[in-house]
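For reference, the structure discussed in these notes is given below.
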Amino acid sequence: MRITLTGIKADVGSIGGHLKPSAGLIDAVRASVKRDGKGLLIDHYVSSTGDDVAILMTHEHGVDCDRIHKLAWDAFLAGTEVAKAQGLYGAGQDLLSDAFSGNAKGLGPAVAEMEFEERPNEPFLLFTADKTEPGAYNLPLYLAFADPMYNAGLALAPAIGKGFTFTVMDVDHTNGDRVIELSTPEESYDLVALLRDNGRFVIESIRSRHDGDIAAASCTTRLKNIAGTYVGKDDPIMIVRTQKSFPATGEILAPFEIAHLVSGFMRGSHTGSLMPVKASSGVSFFDGPPIVSCMAFSVQNGKLTEPVDAFDHPYWDWVRDKASLKSHHIRQQGFSGPAMLGYHELEYGGIRHRMKDLDERFVVRSDG
Ligand code: F6R
Ligand code: MG
Ligand code: MG
């Protein structure tokens, strides 16, 4: 059976600042998806990570389907109504357009979706992250799909050893989608040259070179480019199929042990360690730290199993402690150097006015 997995995620309001959506908000989103999904969806699952709500949907209508995107949009509007009624902070903040215009991409919510012929056994992972940006997945995806230090299958399983084709988007380009395809292992170094810049080049999808099947799809929106001003970080969503000719689930999870430093901590303007957390975790310290959760599903004829919370395991408790320590270390230097993002990545406009005022006060000394 040919099915589509669509994951759409948005911040439409949370309790106590940008910490976590209310149960009422999540219930409203769930009820709306359930009502509007009748006859359109095969199955769905609603979850939260930090201050964002994610809707996972299975259906037969392919990617970029207006009706599916509108269903999610309307569910976020229903959540926004509750957010407003409860006085939640940032009510409706990621719904950047007043009227839905056919596709949730480019409007605010983060979208990851893929269509494929279901395998007899179909495991996949749904990643949702908060207080970070889509490029946060660049390093873990590269390591899981292209580095034998993380993916033992590259050496041990011939289908995986054929390598993968990465589609990478230049998210600074606002006039249409600017993309490039690079295949590993031959073009690994070219790929790394792009992926080092998480703020600009983002992995959009990955396909197997063994059979051309889609393995991973990630969101590539940048709210800054859509709204032209700061409206929060892009808090990315990603779907990854696993096993057989794709990396094993554990190979996809393994690079998250690094808890690498990413952008998006406090005011979308600081660097912090990406902490793998349990599903439904909120945020706290310094409006963070940046977090990622992962729910593992199996699907058959579009019907989802209950999820397994992939980071709910004692091993990840140790990783969480390590991530706290990494964030603690960089927080010790406050605004200095790499702790705060570079000038063009700062997401609060106020500093531009400050810099303009200061610029006018600079003087160039005359010689002598
Ligand atoms: C939001 C976020 C927060 C806010 C901060 C200030 O996802 O990352 O760190 O940027 O709480 O929010 P405002 O400017 O809305 O008071
Ligand atoms: Mg937010
Ligand atoms: Mg968020």
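The values are calculated or read from the model by the stated rules, or taken from the named source; none is laboratory data. Being a predicted model, the structure only gives us computed values, none of them experimental. Using ideal geometry, Cβ is built from the backbone for each residue, glycine included, and neighbour counts are taken over all protein chains shown. When the accessible area is computed, the model is the full protein with side chains, heavy atoms only, and any ligands, DNA or RNA have been set aside. Shrake-Rupley method; radii C 1.70, N 1.55, O 1.52, S 1.80 Å.
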query: Has the range 310-329 got at least one residue that is assigned to a strand (DSSP E or B) and in contact (Cβ under 8 Å) with a residue 40 or more places away in the chain?
result: no
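Any residue at all in the range 68-75 that is open to solvent by 10 Å² or more (accessible area, probe 1.4 Å) and either of a type outside the set (G, A, S) or within 21 Å of N301 (Cα to Cα) (or both)?
yes
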query: For the range 109-141, what are the residues that are touching a Ser or Thr at 6+ places or on another chain (Cβ under 9 Å), away from ligand 3 (no atom under 16 Å from the Cβ) and part of a loop (DSSP other than H, G, I, E, B)?
result: N121, E122
query: Would you pick out the residues in the range 1-26 that are more than 15 Å from ligand 1 (Cβ to nearest atom) and either crowded, with 18+ Cβ neighbours inside 10 Å or touching a residue at least 40 places away in the same chain (Cβ under 8 Å) (or both)?
result: M1, R2, I3, T4, L5, T6, G7, I8, S22, G24, L25, I26
message: For the condition within 14 Å of ligand 2 (Cβ to nearest atom) and either out of contact with any Cys (no Cβ under 9 Å at 6 or more places or on another chain) or at pLDDT 95 or above (or both), what is the one hit in K9, K70, K38, K84?
response: K9
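Let's see how each residue does on (1) more than 14 Å from T220 (Cα to Cα); (2) modelled with pLDDT of 95 or more; (3) touching a strand residue (DSSP E or B) at 6+ places or on another chain (Cβ under 8 Å):
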position: G102; (1), (2), (3): yes, no, no
position: L107; (1), (2), (3): no, no, no
position: N121; (1), (2), (3): yes, yes, yes
position: T128; (1), (2), (3): no, yes, yes
position: Y137; (1), (2), (3): no, yes, yes
- request: Please tell me if H44 is open to solvent by 10 Å² or more (accessible area, probe 1.4 Å) and assigned to a loop (DSSP other than H, G, I, E, B).
  value: no
query: How many residues are touching a helix residue (DSSP H, G or I) at 6+ places or on another chain (Cβ under 8 Å), more than 16 Å from ligand 3 (Cβ to nearest atom) and not in a loop (DSSP other than H, G, I, E, B) when one looks only at the range 47-69?
result: 2
- line: The residue from V63, V46 that alone is under 23 Å from K131 (Cα atoms) and in contact (Cβ under 8 Å) with a residue 12 or more places away in the chain is V46
query: When the range 134-148 is examined, which residues are found to be open to solvent by 10 Å² or more (accessible area, probe 1.4 Å) and either under 20 Å from I55 (Cα atoms) or acidic (D, E) (or both)?
result: D147
task: Sort through G272, G282, G334 and tell me the only one that's buried (at least 21 other Cβ atoms within 10 Å of the Cβ) and either assigned to a strand (DSSP E or B) or not β-branched (V, I, T) (or both).
output: G272
- request: Identify the single condition in (1) open to solvent by 50 Å² or more (accessible area, probe 1.4 Å); (2) over 19 Å from the mean Cα position of the chain (by Cα) that V63 does not satisfy, given that it satisfies every other one.
  value: (2)
